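Comments concern the structure below.
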Amino acid sequence: MTYDAGHYDVVVVGAGHAGVEAGLAAAKMGAKTLMLTLNLDMIAFMPCNPSIGGPAKGIVVREIDALGGVMGKVIDKTHIQMRLLNTGKGPAVQALRAQADKPMYIKEMKNIVENEKNLTLRQGMVDRLVVEDGVCKGVVTETNAFYRAETVIITTGTFMRGKVLMGDLEYESGPNNQRPTIKLSENLEELGLEITRFKTGTPPRVNSHTIDYSKTEIQPGDETPRSFSYETTEYITDQIPCWLTYTNEFTHEIINENLSLSAMYSGMKRGTGPRYCPSIEDKIVRFNDKPRHQIFLEPEGRDTEEVYVQGLSTSLPESVQHGMVRSVEGLEHAEIMRAGYAIEYDAIVPTQLWPTLETKKIPGLFTAGQINGTSGYEEAAAQGIMAGINAAAKVLGKDPVILDRSQAYIGVLIDDLVTKGTNEPYRLLTSRAEYRLLLRHDNADFRMTELGYELGLITEERYAAFKEKYRLVEEEKKRLQKLIIKPTEEVNAFLETAGASKMKEAVKAYDLLKRPELSYDLLAPIIHADPSLPHDVTEQVGIQIKYEGYIKKANDQVARMLKMEEKKIPEDIDYDAISGIATEAKEKLKKVRPLSVGQASRISGVNPADISILVVYMEQGNIARLAN
Amino acid sequence: METDTITAISTPIGEGAIAIVRLSGPKAISITANVFKGKNLGDVASHTIHYGKIIDPETKEVAEEVMVSVMRAPKTFTREDVVEINCHGGMVAVNRVLEIILSQGARLAEPGEFTKRAFLHGRIDLSQAEAVMDLIRAKTDKAMSVALKQMDGRLSALIRRLRQDLLETVAHVEVNIDYPEYDDVEEMSHDMMRTKSKEVYKEVVELLQVAKQGKILREGLATAIIGRPNVGKSSLMNTLVQENKAIVTEVPGTTRDIIEEYVSVRGVPLRLVDTAGIRETEDIVEKIGVERSRQVLKESDLILFVLNYNDVLSEEDEKLFKAIEGLDYIVIINKTDLEQKLDLDRVYELAAEKPIVITSLVKEEGVNELEEAIAKTFFAGDIDTGDLTYVSNVRHIQLLKQAKQALEDAMEGLELGLPLDVVQIDVTRTWELLGEIIGDTASDSLIDQLFSQFCLGK
Ligand SMILES: Cc1cc2nc3c(=O)[nH]c(=O)nc-3n(C[C@H](O)[C@H](O)[C@H](O)COP(=O)(O)OP(=O)(O)OC[C@H]3O[C@@H](n4cnc5c(N)ncnc54)[C@H](O)[C@@H]3O)c2cc1C
Ligand SMILES: Nc1nc2c(ncn2[C@@H]2O[C@H](COP(=O)(O)OP(=O)(O)OP(=O)(O)O)[C@@H](O)[C@H]2O)c(=O)[nH]1
């Protein structure tokens, strides 16, 4: 018998990277929110690499921050080093990456969650959903607590029927020997959700005292202090380096000799693993001509000696892992503290979701994070905040929030998932975004803050600061439009020392800035820059001017795309009634149930003729409706 | 609802039949008016027909004499502004008119799109919706099978190879972006990107030239006869026409200032263009300068440049040589029956390796040699009709042109020193455009390429 444990607007199952953002967003929007999780000491635990950000992912963290999420703020406070990547490339692909202090990250995150009013945090294992008349109405835990809920968000990560694999050892488990979630997973299947099986893996950790760092190369953080969050004002200065070493022919020999012992290579049928994080076994087999592979040694925190051996993800037996690790230069005497392993788990086929992350099958039920077939903390957090927003919006009677592909990487991620699905754990890459010149790391606040504010996730204070930045950028751009620079000797002498070609005729400062070799900072004296303008303002001005042509081209494409997005497909459309659409396209459309003609056109297997016919059919429906 | 203007050839294509290029959409009238010489179509009443000419905006040449029907919304088939351009010059002319219309910003209609618009605008009633959908399906399937048949295996193989090249380049740039810390992936440089872009560019330009070849075979080699007054240009034209069977004679009603003759010289189809503009070339050179006349002359596939043996080499002649530098031309030294006043050494020097033929048109001397020279230029030169990959579909040509433009943008970006990830936007666009030609646009292949080409992981 269950007991009545309370009634909530939003119940979040799981307090991983998706769960915390979901719970916080829902609570801040004013929904009475409960967050249930297996272990309160493991909130936003990182089961794999101790780092956050990187190309595309780092931009997502900023988007989350500009929407009012917490990932950026927490990592700003708890990193051991931070770097800006791709500084030699264009502004569209630059991104931050931070090495995290894992225990600190958990502590900080727990603190934030505990202190959010409207949000109740509780330890517990959810066993099943309560579904009444096809609608999700709450959850029941293993202690028979029944929480009635208007909406439920499941964010259970890799726990679903999780199975750890190491050599021929296998046992049911969540990541890092936490309890697996068996019953809830079975329950979802019973409720008719389509489940797929994925896998991923993690490398061994070794004790820092047993590493000979003198044989490795140092990888320090950047000296310039930076932050993910637009609100961060205090910077960490005492950074800790990472270290670089390499595998060698001995490592490869050990692996080759023991290949048949690897859980992944022993011939058993397994879930699909991601191509972008192959195990070391994979790398040796698929790229056997490579004499060596990079190994990064990454400290897991300030107050721990554990070091993550990036590059050696494996499911070889523990006995083989010792020798493999010790074959690497600098690790000759390394002591493994935790062995590497692979984990196999259930995920939901994400085309079963609306772009709001609500399941089509069970209204009121949302899912976010690795359970939706993604991989990565940032991908999880991104879905978490969107699911939190939409679950709360549903309860509060507000409009759903769907980001389009030109607005945010978050939009790209969710659109890909719900429109195309995925046949391996999905990771964001810059190449997945077609408008990446618009989706920059530097302008995430310009893209998201307004929305975050409207939703009540951004404070008045922060909003005012953003508005001020916006104003300064626009004013400075205007000023540069009006400022004429004459080709005086002085100016040309300046340009020459800067290694730029001379000017022949007078130009607007605005146009001078378009020259690729001339940056705002460099030109500051000539364009009479106001030294009191903050750096992020002048950076923004510089980028907007320099890439204006490309940005405009991208905006034109976006305008065309949005026209297709505006053509909404009625939810009750009956694809079977449309005779002209090809059978394959029909099946796909029935499964995905796209909300707009634009989304329909991105489904693989749906071609332009099918879209044409769909439009005609929809119009026929409209006319019929008008006639009635 | 729809805001763009579509166009297509709306009658069954067949040599000799009257063919119609139809436009529908808000810009149908203005686009036609831009290239129409005759009444101002913007002012004419709805549902009226007008005689005039379609002018190629690039060459300013007359492309076709036409009858244009203007029908204003909403009393039209699609309930949009509709223009129908009636061409009587057969397939060649109608294709040319279509290309000109496309170059003015109309979009090639999808199969069944006119009917679809008619329906969407309520012109066709509800009961017929089913029929409209069937029509789109049928037309698409038919267009697809026709396109497949038209597409030469060599062409699709070539385009696949170009795409693979581009894909590898793009994947390389992507890997540098997404995995900046990997040192076993060499950093793609501007030079590497430039080399790749240039290679592909060269092939795309060649494909377009081949496309033009297809056009040439249908339309004839546009041949201009130029030279100072009185050197014998009209005589040359008459000789060529009389000696050879004219394929098409002057269309009745053509105004006197333009004469076009189609002749077949030893199997080479020539379209002799003798316009007033070109006839008075020296005037053009005087008036608009060498560079601009060059632009005009560039549109010809072959230039016959006539000099007078009986006159000294003038400044105008020297200028003409300048204007045609690098183009395909043959020098004809005429009136050899008269006394030599021409500085032959200088002529040989200016003509460099181009063919020079000596004639006396009154005595009918040197005509054989001239015809031989023309045939040689055509068959031996780069205008080779033998083993060519044949691109003819208007849609393909449009896509190739866009691909060429995208590559030019990429190369410009490289010259300016823009970051590779920005330049790469245009390279990716090229890859997509080429994909559209062969009907393959799956963007997932980039991710596949990424992980098969490089060893990445944790
Ligand atoms: C071995 C391993 C290797 C990985 N390797 C990589 C990698 O290389 N690259 C990469 O990007 N990502 C990797 N990841 C993935 C990354 O850790 C996840 O993507 C990310 O943590 C997912 O976040 P999440 O919020 O979806 O789930 P999690 O962070 O796993 O959080 C799930 C939460 O749900 C709770 N929970 C589970 N079941 C229940 C229940 N029944 N009731 C209540 N609470 C429940 C848990 O307590 C936990 O708090 C790896 C993960 C593992 C385990
Ligand atoms: N003696 C001689 N006279 C020639 C020869 N070819 C042409 N003529 C004469 O030269 C005169 C001009 O010839 P056209 O053919 O009209 O010359 P054109 O270059 O067309 O002249 P414009 O129309 O004024 O530009 C005519 O009287 C021709 O008969 C030739 O080979 N020898």
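The values are calculated or read from the model by the stated rules, or taken from the named source; none is laboratory data. Keep in mind it's a predicted model, so treat the numbers as computed, not measured. Every residue, glycine as well, gets a Cβ built from its backbone with ideal geometry; the counts of neighbours run over all protein chains shown. SASA here: full protein model, heavy atoms, side chains in, ligands and nucleic acids out. Shrake-Rupley method; radii C 1.70, N 1.55, O 1.52, S 1.80 Å.
Among A:Gly201, A:Gly138, A:Gly221, which is part of a strand (DSSP E or B), buried (at least 20 other Cβ atoms within 10 Å of the Cβ) and under 26 Å from the mean Cα position of the chain (by Cα)?
Of the residues listed, the single one that is part of a strand (DSSP E or B), buried (at least 20 other Cβ atoms within 10 Å of the Cβ) and under 26 Å from the mean Cα position of the chain (by Cα) is A:Gly201.
Which one is nearest to the chain's Cα centre (by Cα), of the residues in region A:429-480 that are among the aromatic types (Phe, Trp, Tyr) and open to solvent by less than 40 Å² (accessible area, probe 1.4 Å)?
By that ranking, first place goes to A:Tyr435.
Please name all residue pairs, on different chains or six or more residues apart, with Cβ atoms under 8 Å, provided the first residue is in region A:587-603 and is among the basic types (Lys, Arg) and the second residue is assigned to a helix (DSSP H, G or I) and open to solvent by 50 Å² or more (accessible area, probe 1.4 Å).
Qualifying pairs under 8 Å: A:Lys590/A:Asp576; A:Arg602/A:Lys420.
Would a scan of region A:16-34 turn up a residue that is near ligand 1 (Cβ under 9 Å from one of its atoms), outside the structural domain of A:Ser313 (by the TED database) and open to solvent by 10 Å² or more (accessible area, probe 1.4 Å)?
Scanning region A:16-34, I find at least one residue that is near ligand 1 (Cβ under 9 Å from one of its atoms), outside the structural domain of A:Ser313 (by the TED database) and open to solvent by 10 Å² or more (accessible area, probe 1.4 Å), so the answer is yes.
Could you name every one of the strands (runs of 3 or more DSSP E) located completely within region A:145-184 that has at least 3 residues being among the aliphatic types (A, V, I, L, M)?
Once the strands (runs of 3 or more DSSP E) in region A:145-184 are filtered for at least 3 residues that are among the aliphatic types (A, V, I, L, M), what remains is A:145-154, A:163-166.
Does region A:359-369 include one or more residues that are more than 11 Å from ligand 1 (Cβ to nearest atom), open to solvent by less than 10 Å² (accessible area, probe 1.4 Å) and hydroxyl-bearing (Ser, Thr, Tyr)?
yes
Within region B:53-68, which residues are crowded, with 17+ Cβ neighbours inside 10 Å and of a type outside the set (A, V, I, L, M, F, W, C)?
The answer is B:Lys53, B:Asp56, B:Thr59, B:Glu61, B:Glu64, B:Glu65.
Against the condition touching a residue at least 40 places away in the same chain (Cβ under 8 Å), under 14 Å from A:Arg205 (Cβ atoms), touching a helix residue (DSSP H, G or I) at 6+ places or on another chain (Cβ under 9 Å) and not hydrophobic (A, V, I, L, M, F, W, C), how does A:Ser319 come out, does it pass?
Taking the combined requirement at face value, the residue does not satisfy it.
Counting residues that are within 14 Å of chain B (Cβ to nearest Cβ), more than 16 Å from ligand 2 (Cβ to nearest atom) and more than 19 Å from A:Gly124 (Cα to Cα), which strands (runs of 3 or more DSSP E) fully inside region A:1-67 reach at least 2?
By residue number, A:51-53.
Limited to region A:308-346, what total is found for residues that are within 14 Å of another protein chain (Cβ to nearest Cβ) and under 17 Å from A:Gln219 (Cβ atoms)?
Looking only at that region, the number is 5.
What is the number of the single condition among (1) more than 13 Å from the chain's Cα centre (by Cα); (2) modelled with pLDDT under 95 that A:Ala98 does not meet?
(2)
Do we find a residue being within 11 Å of ligand 1 (Cβ to nearest atom), crowded, with 21+ Cβ neighbours inside 10 Å, within 24 Å of the chain's Cα centre (by Cα) and of a type in the set (D, E, K, R) anywhere in region A:372-381?
Checking region A:372-381: at least one residue is within 11 Å of ligand 1 (Cβ to nearest atom), crowded, with 21+ Cβ neighbours inside 10 Å, within 24 Å of the chain's Cα centre (by Cα) and of a type in the set (D, E, K, R).
Do we find that B:Arg117 is modelled with pLDDT of 80 or more, crowded, with 20+ Cβ neighbours inside 10 Å and either within 14 Å of another protein chain (Cβ to nearest Cβ) or in a helix (DSSP H, G or I) (or both) in this structure?
Judged against the criteria, B:Arg117 is a match.
From the set of residues in region A:143-180 that are near ligand 1 (Cβ under 10 Å from one of its atoms) and within 21 Å of A:Asp9 (Cα to Cα), which is surrounded by the fewest Cβ atoms within 10 Å (Cβ to Cβ)?
A:Thr156
Please tell me if A:Val491 is away from every other protein chain (no Cβ under 14 Å) and open to solvent by less than 60 Å² (accessible area, probe 1.4 Å).
Yes.
Take B:Ser293 and decide whether it is away from ligand 1 (no atom under 16 Å from the Cβ) and at pLDDT below 75.
Taking the combined requirement at face value, the residue satisfies it.
Of the numbered conditions (1) modelled with pLDDT of 95 or more; (2) at positive phi, A:Asn86 fails exactly one; give the number of that condition.
A:Asn86 satisfies all of (1) modelled with pLDDT of 95 or more; (2) at positive phi except (1).
Assuming A:Gly88 fulfils every condition listed in (1) open to solvent by 30 Å² or more (accessible area, probe 1.4 Å); (2) part of a loop (DSSP other than H, G, I, E, B); (3) in contact (Cβ under 8 Å) with a residue 60 or more places away in the chain; (4) more than 12 Å from ligand 1 (Cβ to nearest atom) apart from one, which condition is it?
(3)
Does region A:116-128 include one or more residues that are among the small types (Gly, Ala, Ser) and closer than 30 Å to B:Glu187 by Cβ?
no
Could you check how many residues of region A:407-437 are at pLDDT 95 or above, within 14 Å of chain B (Cβ to nearest Cβ) and more than 22 Å from A:Lys591 (Cα to Cα)?
Qualifying residue count, region A:407-437: 1.
Can you pull out every residue in region A:567-600 that is modelled with pLDDT under 90 and under 27 Å from the mean Cα position of the chain (by Cα)?
Answer for region A:567-600, where residues must be modelled with pLDDT under 90 and under 27 Å from the mean Cα position of the chain (by Cα): there is none.
Answer yes or no: is there a residue in region A:576-584 that is open to solvent by 50 Å² or more (accessible area, probe 1.4 Å) and in a loop (DSSP other than H, G, I, E, B).
Within region A:576-584 (the criterion being open to solvent by 50 Å² or more (accessible area, probe 1.4 Å) and in a loop (DSSP other than H, G, I, E, B)), the answer is yes, since at least one residue qualifies.
Go through (1) modelled with pLDDT of 85 or more; (2) open to solvent by 20 Å² or more (accessible area, probe 1.4 Å) one by one and return the number of the condition B:Ser127 breaks.
Of the numbered conditions (1) modelled with pLDDT of 85 or more; (2) open to solvent by 20 Å² or more (accessible area, probe 1.4 Å), the odd one out for B:Ser127 is (1).
Within region B:333-353, restricting attention to residues that are assigned to a helix (DSSP H, G or I) and open to solvent by 40 Å² or more (accessible area, probe 1.4 Å), which residue is nearest to ligand 1 (Cβ to nearest atom)?
Here the residue is B:Leu350.
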